[in-house]
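Undergrad: This structure is in structure tokens; I'll ask about it shortly.
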Amino acid sequence: MPRRMSADYPPHPAPPVLPPPPLGASLPAERWPSPDELLAIHRSMLRARLVEERIVELYRQNRITGGCYSGIGNEATAVGIAFPMHNEDVLVPTHRDMGAHLVRGHSALEVFRQYFKRASSQTGGKDSGLHLGREGSNIVGMISHLAHMLPVAVGVALAERQKGNPAFVVTTVGDGASSLGDFHESLNFAAVQKLPVLFVIENNQYAYSTPITLQYACERLSDRAKGYGMFGEDVDGTDVVLVVDAARRARERGMRGEGPTLLNAVTMRMRGHSEHDDFKYVPKALFEAWSAYDPLLRLEKRLVEQHLATTADLERWREALGIELDRAVDEAWAEPEPAGAEAARDVYRRWDESWTPPTGAERWGSSS
Ligand SMILES: Cc1ncc(C[n+]2csc(CCOP(=O)(O)OP(=O)(O)O)c2C)c(N)n1
Ligand SMILES: [Mg+2]
């Protein structure tokens, strides 16, 4: 017999307070980014938004295949945590963090090469679009297994310390992935070792179709920090000014030897989990409420109010970037995929008639 569900099951997250407060409302003037910094932050957020909108469009045209995840709605967090970091600091981003890659100088051309799986991409056309990495940029390319980047980030911090490099490490994890065992092991170890790491929970209300109301029972995910003996706080993840400030303070704390920070960035996933998902399970009213918190529009409103840009400037920048992306898409599209033999290199073991599968005895020895 089919199981009957009540109309309001599962319990959905509460909508955000409307209207949203002005950007950076609670922040003293001396902690605000400078006007030049605000404009640079805006450039990265706009770039992230337009690159990802283009990726969605290309997916709809079947020119991009496979998983197609975006950080639309999450740009203030992805850009805000990366922006205040120094070049020697290491970023360990995940699947909603296009903005972090772009802050570090990843070009749109490189992004489209990766998504089109071109031979010229960093992974030689052999890996998924979102597994962006970049040699020499101090970004660790992600793997898909949830929460598995957390121990990697902690390992990087430990290795940097052992090498005597004063580097800070920033990594992200979803609300869903925060329920996995690696989250606990990583935060505990980092706190015990007082490693300079910022753990950012991108708390975007859903993990696939599971709402946060079914994900955790504590009031705020930042409350968990106390249990590990580290500093933790919540931040409005759609307010880039507050996110930059929280990340800056986390860095200062870490570099003073005070250990890791847990930042619960409250945001909203403004699209389906991936583009194959029509997100029908999210109530329309929730989307509507969150659309008032659009991180890019909130920043643009502030830029105009502060006379750092006019609405005509904003339009011009969008248009110029659109043209740059057209060119980058065309250039990457025209490039070849890896040739057959090359595509299999490093992926499959070369076929060799004389090879016999290992029995296990080679490694463990005979038990007799
Ligand atoms: C160990 C593991 N289990 C399941 C998946 C499939 N999966 C990918 S993303 C995802 C949901 C993640 O939700 P959350 O952590 O909240 O991050 P979000 O996608 O919302 O940013 C799932 C179940 C996976 N990649 N790895
Ligand atoms: Mg989530």
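All of the numbers you see were taken from the coordinates with simple rules; none came from a lab. All values reported here derive from a predicted model rather than from experimental measurement. All Cβ positions, even for glycine, are placed from backbone atoms using ideal geometry, and neighbour counts span all protein chains on display.
Undergrad: Could you sort the peptides 302-315, 150-163 by per-residue average Cβ neighbour count (10 Å cutoff), highest mean leading?
TA: Numbers: 302-315: 13.4, 150-163: 18.1.
Sorting 302-315, 150-163 by mean packing, highest first, produces 150-163, 302-315.
Undergrad: What ³J(HN,Hα) values, in whole Hz, does the Karplus curve 6.51 cos²θ - 1.76 cosθ + 1.60 give for segment 30-40 when θ = phi - 60°, with x put for Gly and Pro?
TA: 5, 9, 6, x, 5, x, 5, 5, 4, 5, 5
Undergrad: Under 23 Å Cα-Cα from K117, which lysines qualify once same-chain neighbours fewer than 8 residues away are excluded?
TA: K117 reaches K126.
Undergrad: Further question: Let me make sure I get this right: for segment 32-336, a, b and c are the square roots of the gyration tensor eigenvalues over alpha carbons, sorted descending. Under 1.5 in a/c it's rounded, otherwise prolate if a/b > b/c, else oblate. Which is it?
TA: Details: a/c = 1.35, a/b = 1.28, b/c = 1.05.
Judged from the Cα gyration tensor, segment 32-336 comes out rounded (a/c under 1.5).
Undergrad: Moving to a separate point now. Would you give the gap between the C-alpha center of segment 1-62 and the C-alpha center of segment 92-115, rounded to a whole Å?
TA: Centre-to-centre distance over Cα atoms comes out at 17 Å.
Undergrad: Here's something else I'd like to know. Starting with the fewest neighbours, write out Y281, Y69 ranked by other beta-carbon atoms found within 10 Å of each beta-carbon. Before the final figure, lay out the partial values.
TA: Values: Y281 15, Y69 23.
With the sparsest Cβ surroundings first, the list reads Y281, Y69.
Undergrad: Let me ask something additional. Okay, helix-only estimate at 222 nm for the chain: each DSSP H run of n ≥ 4 adds -39500 (n - 2.57), divide by all residues, round to 500 deg cm²/dmol; what do you get?
TA: Working: 13 runs with 148 residues, N = 368.
When only DSSP H runs of four or more count, the value is -12500 deg cm²/dmol.
Undergrad: Separate question: Evaluate the relative contact order of the chain (contact order divided by residue number), counting alpha-carbon pairs under 8 angstrom at least 6 apart; express in whole percent.
TA: Working: 592 pairs, mean separation 81.9, N = 368.
Reported as a whole number, the value is 22 percent.
Undergrad: Rank the residues H145, H101 as a footprinting-exposure proxy: fewest other Cβ atoms within 10 Å of their Cβ go first. Mind dumping the intermediate values first?
TA: Working: H145 10, H101 28.
Least to most surrounded, the residues fall as H145, H101.
Undergrad: Here's another thing I want to ask about it. Around H273, what is the net charge, scoring Lys/Arg as +1 and Asp/Glu as -1 over all other residues with Cβ under 14 Å from its Cβ?
TA: Net local charge, H273 excluded: -1.
Undergrad: Could you give the distance between the Cα centres of segment 137-168 and segment 282-304, to the whole Å?
TA: 32 Å
Undergrad: Here's a follow-up. ³J(HN,Hα) across segment 284-292 via Karplus (A = 6.51, B = -1.76, C = 1.60, θ = phi - 60°), whole Hz, x for Gly/Pro?
TA: 4, 4, 5, 4, 4, 4, 5, 5, 5
Undergrad: If Lys and Arg each add +1 and Asp and Glu each add -1, what is the summed charge of the other residues whose beta carbon sits under 15 Å from the beta carbon of Q215? Intermediate values should be presented prior to the final figure.
TA: Values: positive: R220, R224, R269; negative: D175, E202, E219, D223.
Local net charge: -1.
Undergrad: Let me check against my output: what whole-number percent is the relative contact order of segment 109-209, with C-alpha pairs under 8 Å and at least 6 apart?
TA: Numbers: 133 pairs, mean separation 20.6, N = 101.
Relative contact order, segment 109-209: 20 percent.
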